[in-house]
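Working notes for the structure below.
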Amino acid sequence: MKTQGYGMEYASARATPELVGRKEILGIIQKAIESKSKKTQVIYITARGGMGKTRLLEEVVKFWSRTSRAKEEKKILVASHLVDLYHTRTHNPDGLIDEIVEALGKKHFKKYLEKRSAIIHTKYERGETPSDASRQEMSDVFVEELNE
């Protein structure tokens, strides 16, 4: 590893304007997204740090943003940004759901946001602990709206 004159060492390759060597995986992701399944597709990508996971997903988001706008596609929700599971906020179900709602757009999750607001009201304004049943109901509503 060489120092690049800025007092920094680079552990991975620098991002290039074009995604290199990822056509096969991009094809697999595209096929999963275009699947006719009525269930929501979740794509889980794992690799060591510096292998290009974020860069790959940025390219997927860019591609589908262009494609869905061009086709005026209503069935595909494209994230406004990546949800990074590395961040502490996403290490619990509520934080992860909130990040997904933010990335996909609050307008798609009105019922979930109503349930969430009621739970927050119970917790902070009434000083009560929300029941496990109400938290599960909130999660179930999120999943229903995600699958619509």
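The values are calculated or read from the model by the stated rules, or taken from the named source; none is laboratory data. Just so we're clear, the structure is a prediction, and the values are computed from it rather than from any experiment. Quick reminder, even Gly has a Cβ in these numbers, built from the backbone with ideal geometry, and neighbours come from all protein chains shown. With ligands, DNA and RNA removed, areas are computed over all heavy atoms of the protein, side chains included. Shrake-Rupley method; radii C 1.70, N 1.55, O 1.52, S 1.80 Å.
State the percentage of accessible surface on the range 79-148 attributable to carbon and sulfur atoms; use a 1.4 Å probe and exclude ligands, DNA and RNA. Could the numbers behind the result be given before it?
Working: 2510 of 4860 Å².
Roughly 52 percent, rounded to a whole number.
In Å, what is the Rg of the alpha-carbon atoms in the range 49-148, and how long is Dmax?
So, for the range 49-148, Rg and Dmax equal 16.1, 49 Å respectively.
Past 28 Å, Cα to Cα: identify those pairs from 38/106; 62/107; 62/106; 23/110, in the order given. Write out the running numbers ahead of the final one.
On the way: 38/106 21 Å; 62/107 21 Å; 62/106 20 Å; 23/110 37 Å.
Beyond 28 Å: 23/110.
Can you compute the FRET efficiency between residue 54 and residue 139 using 1/(1 + (r/R0)^6), with r the Cβ-Cβ distance and R0 = 22 Å? Round to the nearest 0.05.
On the way: r = 27 Å, r/R0 = 1.22.
With a Förster radius of 22 Å, E is 0.25.
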